[in-house]
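Structure, as C-alpha cells:
The values are calculated or read from the model by the stated rules, or taken from the named source; none is laboratory data. This one's a predicted model, so the numbers in the text were calculated from it and none came from an experiment. Here the Cβ positions follow ideal geometry from the backbone for every residue, glycine too, while neighbour counts run over all protein chains shown.
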Amino acid sequence: EEIEKGGYDHFMLKEIYEQPRAIKDTYRGRLLADQGLIKMSGIDQNLEKFLNANRIIIVACGTSWHAGLVAEYIFEDLARISVEVEYASEFRYRNPVITDKDVLIAISQSGETADTLAAIKLAKEKGAFVFGVCNVVGSSIARETDAGAYTHAGPEIGVASTKAFTTQITVLTLMALKLAKEKGVFSESRFHEYLTELETIPAKVEKALLANPLVEIIADVYKDSTNCLYLGRGYNFPVALEGALKLKEISYIHAEGYPAAEMKHGPIALIDEQMPVIVIATKKGHYEKVVSNIQEIKSRKGKIIAIVTQGDEQVTELADHVIEVPETFESLTPLLTTIPLQLLSYHIAVMRGCNVDQPRNLAKSVTVE
Ligand code: AGP
C-alpha cells in the first residue's frame, strides 16, 4: 500500500496531486487544438440526438452531482442547451416526465452507484437517449448507457472524490464546447480560444497546488471549528457545495455550501466570530457582488478565507486569509478553485486525526439504496 501511495501520506493527497496529469489524460486525443477539433466518438456517433434534444437531464449522486451542477452552467452558458440536474435518488422515485426527445447524462466515478443505475434504466424505458460519464472502464453504468465518455482519472482509492470531480468537469466541458460549435453558437475563433485555454489548465492546476503550505497554515487555524460555511456564485456555487462536502466527509466538521447571494436569506444568522466562511471570489463572475457579500460577513465578525485570482487586491484587503489561483475563463474556474478546498479539508482532517482515506460510515461506491 505504501508503494501505491507513491510517497504521499494518503491516497487522497496523491490523487489531489495527480489532477494536472488526470485532466490532461482526459482531454488527450480528444482536444485537437491544432486541427480546431474536439473528437469524442460517443457524441460524434450520436450528434443528432444531442442537437435535437429538448433538454439534457443530468443524474448523479454526491460529488458527481456537483460536477453535474457545474455542467449545467457550462451547457447553458456555452452551448445554449437547457439542462436539469437531478439527484438520481429523487429522480427515479418522483415519476419524472421523460420523453424520447430527452438526453440523459449519468455521471458516476465508480459506475456502480445503485440510484444512478436505476435512474438510467428508468430513462431508457421512457425512450430517452442515455449517455454515461464514468471513470471505471466496463462498469455497470458504462455498460447500461447507450454511449458515453470515460474520464481518464485512473483509479481513485480515497473515498473522498477529488480527481474524479475535476476530470468529470473536463469531459463535460469538452462536450459542451463541441456542441456549442456544432450548433453554431461558437465561432471558430471563440472555439479555438477555449481549446487553447483548456490546454493551459493542467499547468494552472500545478500552480494552484503551490498554495499547499499556505493552506496547511490556514487549516491549523480552523481545525477545531465546529461549523463552516462555503459560499460561491455562478460557476463557483457548485464548487462551494463540493468544498463543504469534502470537509464534512473527512473531517466530520459540519459544513454548508450556499450560493453567496442566498446568505442573507438565512445563513447570515449563523455568522459570528467563531464562524469560518470560505468564499470563492475569483475576478470573473460576479466579483463585485461577492465583494459585497464579504463585507456583510466582515461586519458580523465572521472569519473570511477567500479563494481569489492571482494579483487580487480588493478581496485581499478584506479577507483574513487569501489563497490565490491563476486566472482563467470563468467557465473553467471550478477546475482551479476546487484545488485549495480539497487541500483545506485534507489538512484539517489529518490534523484532527481522522482516517482521511476511509472516513467513518462511508463506502467508495454506494451499490445499495
Ligand atoms: C464523494 O467524495 C463521495 N464520497 C460521494 O459523494 C460520491 O461522489 C457519490 O457516492 C457518487 O459516487 P459515484 O460517482 O461513484 O457514482
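Going by the structure shown, is Ile43 among the aliphatic types (A, V, I, L, M), over 19 Å from Thr337 (Cβ atoms) and either touching a strand residue (DSSP E or B) at 6+ places or on another chain (Cβ under 9 Å) or assigned to a helix (DSSP H, G or I) (or both)? The answer is yes for Ile43. The residue list Ile43, Ile58 contains one member that is closer than 28 Å to Asp115 by Cα, within 16 Å of the ligand (Cβ to nearest atom) and in contact with a Leu (Cβ under 9 Å, 6 or more places away or on another chain), which is Ile58. Taken over region 246-265, the residue count meeting the criterion of being more than 23 Å from Ile16 (Cβ to Cβ) and either under 16 Å from the mean Cα position of the chain (by Cα) or aromatic (Phe, Trp, Tyr) (or both) is 2. The set of residues from region 146-175 being buried (at least 24 other Cβ atoms within 10 Å of the Cβ) and part of a loop (DSSP other than H, G, I, E, B) comprises Thr151, Ala153, Glu156, Ala160, Ser161, Thr162. Taken together, the residues in region 54-105 that are surrounded by fewer than 19 Cβ atoms within 10 Å (Cβ to Cβ) and among the aliphatic types (A, V, I, L, M) amount to 2. Of the residues making up region 99-113, just one is in contact with a strand residue (DSSP E or B) (Cβ under 7 Å, 6 or more places away or on another chain), over 16 Å from Gln168 (Cβ atoms) and either in a loop (DSSP other than H, G, I, E, B) or among the charged types (D, E, K, R) (or both), namely Asp102.
Among the residues of region 329-344, just one is more than 15 Å from the chain's Cα centre (by Cα) and surrounded by 21 or more Cβ atoms within 10 Å (Cβ to Cβ), namely Leu344.
The residue that is farthest from Gln168 (Cα to Cα), among those in region 61-83 that are among the hydroxyl-bearing types (Ser, Thr, Tyr) and within 16 Å of the ligand (Cβ to nearest atom), is Thr63. The condition (being of a type in the set (Ser, Thr, Tyr), within 16 Å of the ligand (Cβ to nearest atom) and in contact (Cβ under 8 Å) with a residue 40 or more places away in the chain) is satisfied by just one residue among Thr196, Thr173, Thr200, Thr162: Thr162. Among what's in region 3-35 and is over 20 Å from the mean Cα position of the chain (by Cα) and in a helix (DSSP H, G or I), pick the residue that is surrounded by the fewest Cβ atoms within 10 Å (Cβ to Cβ). That would be Asp34.
Tell me, which helices (runs of 4 or more DSSP H) wholly within region 223-332 include 3 or more residues that are touching a Pro at 6+ places or on another chain (Cβ under 9 Å) and of a type outside the set (Lys, Arg)? Walk me through it before giving the result.
Numbers: elements: 237-251, 287-299, 314-318.
So the answer is 237-251.
Of all residues in region 114-145, those satisfying the criterion of being aliphatic (A, V, I, L, M), assigned to a helix (DSSP H, G or I) and out of contact with any Phe, Trp or Tyr (no Cβ under 6 Å at 6 or more places or on another chain) are Ala114, Leu117, Ala118, Ile120, Leu122, Ala123, Ile141, Ala142.
Just to be sure before I move on: is Ala79 touching a helix residue (DSSP H, G or I) at 6+ places or on another chain (Cβ under 8 Å), closer than 30 Å to Val159 by Cβ and of a type in the set (A, V, I, L, M) in the structure I sent?
For Ala79, the condition - touching a helix residue (DSSP H, G or I) at 6+ places or on another chain (Cβ under 8 Å), closer than 30 Å to Val159 by Cβ and of a type in the set (A, V, I, L, M) - is not met.
In region 272-286 there is no residue that is modelled with pLDDT of 95 or more, within 16 Å of the ligand (Cβ to nearest atom) and either of a type outside the set (Lys, Arg) or closer than 19 Å to Ile348 by Cα (or both).
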